[in-house]
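We did not get these values from a lab; they are worked out from the coordinates using the rules stated. This one's a predicted model, so the numbers in the text were calculated from it and none came from an experiment. Cβ placement follows ideal geometry from the backbone for every residue including glycine, while neighbour counts extend to all protein chains displayed.
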Amino acid sequence: MRPFVVAANWKMHKSPREAVDFLKGFLPKVSDRPKNREIIFFVPAVDLWVTQEVLRNSGVGWGAQNCHFEMKGAFTGETSPQVLAEMATPFCLVGHSERRALFHETDEETGKKVKALHQSRITPMLCVGETLSERESGKTNDVIVRQLKAGLRDRDPSQKVMIAYEPVWAIGTGKVATPEQANEAHVTLRKALIDIGGPEFATHTPILYGGSVKPENSAEIARQKEVDGFLVGGASLEIASFLPLCQTRKET
């Protein structure tokens, strides 16, 4: 059975002190979370050290928001997957739409990052998603399958990955894909995972939905068969809005 994963992406929010205050206030409130529930915080690089200090042995995971595909070198401002591994970082986001759109990261670079993370024994969460123009022109499936296959091209089959479907037009806009639209995209991705790694790989790989998830819409989205969790942006910045998402029941 796949875990139901609720992941926070803090983007460029929260100082180390703010991160510590949030996590210390949050942890006591999730001791009674549903079974088979996995919670992950993707925090700014400057918060990684204090985050792992607070979350160690808590059962709550943490990860980086990005990394380079080289282990070391003249790449000013980048984060090495080797250093993330030395910090015992379990997870890392790869291919988030903001990295693709704002920093012009390519499908090829995303695939190299997945490979580097697997070499460092870090689980990547690979993000895929279409723009509004791509959806309106009927290219959603072509885009997300292309991104998925490129991202997983050089993966290590012995290691885990997670997938996050995030329609670009629904990120931070207040718009949300209908539960049916989300599930349709997840069905497409699940079939592509079978092509990539076989039925067992597809069965055990969680596919999260990301795109303006809030307490008001989480239950309906979670009811969709192929939705295995949420990748949460703005609603993850306050305990009052993130906690209900972590407690959302997954109907089976």
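A crude spin-label estimate for the pair Asp156 and Ser15, with each label 7 Å from Cα along the Cβ direction, gives 3.8 nm.
Taking each residue as 0.36 nm, the span from Leu243 to Ala101 lengthens on full extension beyond its C-alpha to C-alpha distance by 48.2 nm. Put simply, segment 77-207 fits an ellipsoid with semi-axes of 24, 18, 12 Å; these come from the alpha carbon gyration tensor as the roots of five times its eigenvalues, largest first. Over segment 4-246, the Kirkwood radius and the radius of gyration, each from Cα atoms, give a ratio Rg/Rh of 0.94. Averaging the sequence gap over all C-alpha pairs within less than 8 Å and six or more residues apart, then dividing by the number of residues, gives the chain a relative contact order of 21 percent. Normalised by 2.2 N^0.38 Å, where N is the number of residues, the C-alpha radius of gyration of segment 53-117 stands at 1.18. Here's the list of aspartates and glutamates a cross-link from Lys225 could span, going by alpha-carbon distance under 13 Å and ignoring same-chain residues fewer than 8 apart: Glu180, Glu184, Glu251. The residues Thr110, Thr203, Thr188, when put in order of fewest to most other Cβ atoms within 10 Å, stand as Thr203, Thr188, Thr110. With the convex hull of the Cα atoms taken as the outline of segment 141-185, the averaged projected area works out to 3.9 nm².
Along the Cα-to-C-beta direction of Gln119, a point sits 7 Å from the Cα; which residues of segment 134-152 have their amide N less than 18 Å from that point? It comes to 151-152, nothing else. A Gaussian network model of the chain, with springs between Cα atoms under 10 Å, assigns the largest mean-square fluctuation among Leu208, Leu237, Leu93 to Leu237.
In the elastic network of the chain, a GNM with C-alpha springs shorter than 10 Å, the most mobile of Trp169, Trp49, Trp62 is Trp49. Shown for the chain are the DSSP H helices of 20 Å or more along their axis, judged by Cα atoms, with a mean Kyte-Doolittle hydropathy of at least -1.0: 179-197. Taking N as the residue count of segment 188-252, its C-alpha radius of gyration divided by 2.2 N^0.38 Å amounts to 1.25. If you run the Gaussian network model on the chain, springs between alpha carbon atoms under 10 Å, then out of Pro28, Pro179, Pro206 the most flexible one is Pro28. Evaluating kT/(6 pi eta Rh) at 4 °C and 1.567 mPa s, with the Kirkwood radius of segment 152-215 over Cα pairs in the Stokes-Einstein relation, gives 102 µm² s⁻¹.
In which sequence would Ile39, Ile196 go, from the one with the fewest C-beta neighbours within 10 Å to the one with the most?
Placing the least packed residue first, the sequence is Ile196, Ile39.
Based on C-alpha pairs under 8 angstrom that are at least 6 apart in sequence, segment 14-94 has a relative contact order of 28 percent. The ranking of Val94, Val227, Val187 from fewest to most other beta carbons within 10 Å of each one's beta carbon is Val187, Val227, Val94.
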